[in-house]
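We did not get these values from a lab; they are worked out from the coordinates using the rules stated. Everything numeric in this text was worked out from a predicted model, so none of it was measured. Glycine gets a Cβ as well: all are built from the backbone with ideal geometry, and neighbour counts include every protein chain shown.
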Amino acid sequence: MGSPAVKADDGGPWWVKSYGGKDYDVASAVAVAENGDVIVTGSFTMRLDASGNVIWAKNVGGNAVAIAENGDVIVAGYTWSFGAGKSDAWVLRLDENGNVKWQKTYGGSERDYATAVAIADNGDVIVAGYTRSFGAGSRDVWVLRLDENGNVKWQKTYGGSYWEEANAVAVAENGDVIVAGYTESFGAGDDDFWVLRLPSDGNLPGCEFCNDSNAQVENTNAQVESTNAEVHDTNAEIHDTNAQIQDTNAEVKTQYYKKASSGINPLYIAAVIGLLLVGGIAAKAKGGKPKPQKPAPKENDLERLLTGAETLDPIEKAIALAEALPMAGKTSPEKEAEIRANLTSTLDEAEGLLLAMAGERPEEALENLNRLKKALSRAGMEKRARRIEENLILKLENQLKEITAKIESLAAQGRVGEAKGKYRKALRIANSHPSLREELNNAVNSVISKFLEEGDALASSGQYDRAVSTYLKAMPLAELLGKEKEVRERIDRVKAQKEIARNLEKLSELISKAKELIERRSYGEAVSVINEAMVLAPALGRAEEVESLLDSLRTRMDNLVSQGDGALEENDLTRAQKLYTEALEIAQAIGEGEEAIRERLSKLEEKRKLELLRESVRITVPEEMLHKAENEVSIIVTNKFSDPLGLTVDLSENTDYFELSEERVEFPRIRPGKTIGESVTVKPRFLGDFDFTVKVESEKGSLSHTFPVRVSRTARVSARTPTPLTSTPILNPVEALQELYSDFQYIGEGGFARVYKAKRKDGRVIALKIPKTLDPAIGRAFVREITNWLHLKHPNIVELYDVNVLPVPYLEMEYCESSLAKLRKPLPVDEASLIVFNIAEGLKYAHSKKIVHRDLKPSNVLLKNGLPKISDWGLSKVLEESMSATTTTSFTPFYAAPEQIDKKFGHTDERTDIWQLGVIFYELVTGRLPFEGSLSQVMMGILRDDPVPPGQINPEAKEVEPIIMKMLAKRKEERYQSVEELQRDLARVLNMTYSEGLRKSKTLGDRRRAAYYLTELLLINLKTNNAGEAYKYASDLAFYVGGELKDEVRRLADQIKFRLEEGLEIPPELVEKAEIIVHRVRVGFEKP
């Protein structure tokens, strides 16, 4: 509710504007600067130019405003937020731009208010108001004189035993201070004007109602900010009025008068001017408290009584006639009838006069009513008396309702003084009759309750500042009824709730930030945030929740270590290094487990050195040797390390059976990447089969390998293929493939192969996968197993473009920029469900070709533009047959199905892929594997234990929990029996989620999002052969595209409709066509 501002001149209004927001905004005071700017204060303070445009507006509320000679703005009011007591006077000095120069409170332990302000010629600030902390009565007029910096020069109270308030202050030309307000302690009526003329020091010598006060002065630090009050031109109507202006004869009573000696000092006077209430036909008082007229004289002479009654007002006349009626009954029936008729007509006039009198003088009206009732009772007219009384009480009740409504409105607007004045007027009415007093209290209590209930509702919805503001509206009325304690308790409680809410919000932000940092793997920062959250959490009852974040870090660290151990067992050293390093970061952040992880890293480094050492040394030992003939053993060393390598090859264990040209071959230090060789002559001493043992000693570690050798007289002398201590490394594969590819970029490696990004001669970017080592077993499997992959052509399967064994073995395949292993988990459930649905689409195609993957895991599901594609079809079997493999299985243990570990669960088939896809689904929605721990613990868990339901880890995963748990059933017979069956259940979840997203997008008019949901729903239902739903979404999609694309979408919808009507299945070709159309639709929406 805005405050209207009106500026007028002789010619009418110049401008009429309102300023404010959605709540009550009230202007209390105005001042004009020398340049014509207008300063207005009230609910806030603003500076307007001469045209009413806002120059600045600040969140400083006040009751009064004045402008100093230098242009500074002085605002005076009160505050509940700062100071010594319940409310204190608050004075701020702002520069001409609204910036605070100083702000101070003045007050004691109770309520103190500033209502007026003026500037003296010397720059002093005169503040007037009222106080309950100091003085003689319930509240006294309070005047303070401050210097230009807000320091108190003097402070005085003036008043008697009841209420006095100051509402205005001015400074006379001679420096006297003029204060005006009202008094209840002095004067002629209930409330009278009270005007005081004080000397410049405030002292009235010999004054009995004047006192010094000792208010505490405190600096405040209220944040003063600009506000954005809305400004509107208004069309307020301007009218001339014809109010009758009359002289009044209010009684004047002087409480203090002293003339200054020598005529130098001015006249000081405190005078009370009684208010004359003029209105209605009964307004005959001459000032002061109303005095009842004397009762009609009781004359035995009936005629004299009747004659005198004609000169009285209707009330007195009615009383006189009622008194005369019993007398007339004793003398003459005719006279009695005449008087009764006269009385009946006079009572109508008397009732009208009483009702009119009730508006301004309710006590007098009720006093006259009581007299009239007595007279009517004696005349036997009690019924008429009751009717008059009922009408009068009804009139007073209506007046009370009107005044109470006005009190509520004024209190809501913050016009405290006016609200209290209205209450005192209502109290005078209520005190005139017992029933009215109770009704007034009930009405005011109702207003208080309304504010309190509104404040409670605001507090319940978290709008604490508005709740306090609403409670404060109830405070003035609560003070009148002695219920301010209840309001203050509510304010204190809401402020405490606000503090708790602020801390809860901060704690929630810290917890969210900690979770985000954990997912970003910024563990040090995450623990710092967790420690900060732990300071707040205990008092808010959320310590366990914060502690669980640390527990999750411990669990993550343990899982990383367990997975690192598994990778180490699989000889995947790069992955083990990555897992251990991340675990170490967590250990350092939480201060636990660091030593154990460093020991693992040390072992890993030793193993890495041994692996490089194996790759660095190649030995050529003949498989057959001639007895007592010279044979040659070749030793070739290629330094695979990044620093020089020195080593010794020890053949001394063979001297019992062979003569050696050298027992120990010591190589000089070899620079990185360089190759050096040596040969040793070997002469067998005996015939037979022998083990030829070679030992390698180096600062990098020691190795030993035994070669079987047959010695005979007729053996064909031949050298076996140069063999490393494990298998032959593939040297410089990039150089070997330079003629076919360019722009090589190393991507990563696993335990079996390295992967490079490269560009073909035709410019196409592809991925190359090259085995690290090769032996005959790898060669045979390499050719045999890749055959299946070459025949798999599907959008959800990585396409294998080419395979060859020359110049080195390699696979050329589709390049994908990422994989599921690199995604931050957990994912939103709908996103994870769609990924699993699309992986299942690729498996469905492979299963239709009788091909089972059997090694699904996040690193084998690549991502291209967000679309999942299955990779590594058959390479696990290549790894199985390699003599460098450390496991005898073609699967990753953490994702293995029970039948891959123990034959009692049967052989592997399509349902094995469903299990492994279930593990991936579980990990995507929870961020954890279903079975964790060491390798042996994981494998035992797969065989014996049920995983923790994913909904217990992530409540949002509850809707897909039945699907995941069915995918992870131990017995194949209890899993989904086909990928199609799995897709149907996933489609139900996705249809519900995306349908809701579609509904919201349509409601918001977001065409791009609506089109996205429609395309996803179209594809999902096509892939699950749900022609009815697919037709619906295709038809809807046509409304979101234009041009030729609209025609294509419509033709697609017609084709789906045809198959729906004919009961035909959706063929793969139609799904492929839909995917092409969907791609074009999405590209169209992405264009600017």
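Length gained on full extension, residue 122 to residue 848: 251.3 nm, using 0.36 nm per residue less the C-alpha separation. What whole number of Å gives the distance from the Cα centroid of segment 784-856 to the Cα centroid of segment 596-641? Each part's Cα centre sits 35 Å from the other's.
Treating r as the C-beta distance of residue 212 and residue 449 and R0 as 30 Å, the FRET efficiency rounds to 0.15. The distance between label points at residue 398 and residue 693 comes to 12.3 nm (points 7 Å beyond Cα on the Cα→Cβ vector). If the label point is 7 Å along Cα→Cβ of residue 713, which residues in segment 675-691 have backbone nitrogen under 12 Å from it? The answer is 687, whose backbone nitrogens lie closer than 12 Å to the label point. Charges were assigned to the Cβ only: +1 to each Lys and Arg, -1 to each Asp and Glu. The resulting dipole of segment 433-578 about its Cα centre is roughly 520 debye. Within segment 561-664, none of the chymotrypsin sites (Phe, Trp or Tyr not before Pro) combine a DSSP coil assignment with at most 11 other C-beta atoms in a 10 angstrom radius. Using the Cβ-Cβ distance between residue 69 and residue 1006 with R0 = 45 Å, the FRET efficiency computed as 1/(1 + (r/R0)^6) comes to roughly 0.15.
A full extension of the chain between residue 686 and residue 706 corresponds to an added length of 5.4 nm, given 0.36 nm per residue minus the alpha carbon distance.
Exposure proxy shown here: for 475, 939, the number of other Cβ atoms within 10 Å sets the order, fewest to most, as 939, 475. Loop-located GluC sites (Glu not before Pro) across segment 577-618 with a Cβ neighbour count of 15 or fewer within 10 Å are 592, with loop assigned by DSSP. Efficiency by 1/(1 + (r/R0)^6): what FRET value for residue 598 and residue 519, r their Cβ-Cβ distance, R0 = 22 Å, to the nearest 0.05? With R0 = 22 Å, the Cβ-Cβ based efficiency is 0.30. For the pair residue 669 and residue 495 in one chain, pulling the backbone fully straight at 0.36 nm per residue adds 54.9 nm over the alpha carbon distance. Each residue in 773, 105 was given a count of other beta-carbon atoms within 10 angstrom of its own, and listing them fewest first yields 773, 105.
For the pair residue 387 and residue 956, label points projected 7 Å from Cα toward Cβ lie 7.7 nm apart. Net charge around residue 749, counting only other residues with Cβ within less than 10 Å of its Cβ (Lys, Arg = +1; Asp, Glu = -1)? In short, +3.
Between segment 329-407 and segment 936-953, how far is it from one alpha carbon centroid to the other, in angstrom? Comparing the Cα centres of segment 329-407 and segment 936-953, I get a distance of 93 Å.
Scaling the Cα radius of gyration of segment 398-482 by the globular reference 2.2 N^0.38 Å produces a ratio of 1.11. Cβ crowding within 10 Å ranks 686, 193, 894 as 686, 193, 894, fewest other Cβ atoms first. Calculated on the alpha-carbon coordinates, the convex hull of segment 20-229 measures out at 128 cubic angstrom per residue.
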